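Chemist: Dumping the structure here so I can ask a few things about it.
The values are calculated or read from the model by the stated rules, or taken from the named source; none is laboratory data. Keep in mind that what you see is a predicted model, and the values were worked out from it rather than measured. Note that we place each Cβ from the backbone using ideal geometry, even for glycine, and neighbour counts take in every protein chain shown.
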Amino acid sequence: MKLLVPLDGSAASACALNHALWLAEHHPGALLILVNVQNAQTLGLSDVMRAAGETVAAQESEEILEKPVARCRRLQRRCEARAEYGPVAETIDRIARETMADQIVMGTRGLGRLRGLLLGSVATQVVHLADIPVTLVKEHKVAVKSHFEATNWREAPAIA
């Protein structure tokens, strides 16, 4: 089983990683494909800085993926990490096709019904684009005790 897990460093994507790790625990040999997608908009780059976008994106992706990859290894789960640059939803769909993923597991930011309807969300776009099952994981509003540690890995202790 191949699980594509888009990560953006948010608590919601950390919850999605938790869920993907749980799924992998129940499917021996599962592969988690961790991906971070950046673009000029996600990086907040001005038109002047767009030329350096891919370099800045690679640095940001490395930072976002470092702890989730270490966590998968510590839990002895197979994983690979990918840093991508481009439109977020379309890139997630492309990677799912390229890797022949069986499922996409991703967090939702919870924009709310009206704002989500007006603006759309990456999660909604992925659901419409993907030809495979997409599991959307909501951010936990309360602390949840789990053997997978903190849901926000930015606040989790560094791993040696």
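Chemist: Only residues that are surrounded by fewer than 22 Cβ atoms within 10 Å (Cβ to Cβ) and either in contact with a helix residue (DSSP H, G or I) (Cβ under 7 Å, 6 or more places away or on another chain) or within 14 Å of Ile92 (Cβ to Cβ) (or both): list them for segment 1-31, please.
Modeler: Lys2, Asp8, Gly9, Ala30
Chemist: Quick one: which helices (runs of 4 or more DSSP H) sit completely within segment 77-160 and have at least 3 residues that are farther than 18 Å from Cys15 by Cα and either at pLDDT 90 or above or in contact with a Gly (Cβ under 8 Å, 6 or more places away or on another chain) (or both)?
Modeler: Qualifying helices (runs of 4 or more DSSP H): 88-99, 122-129.
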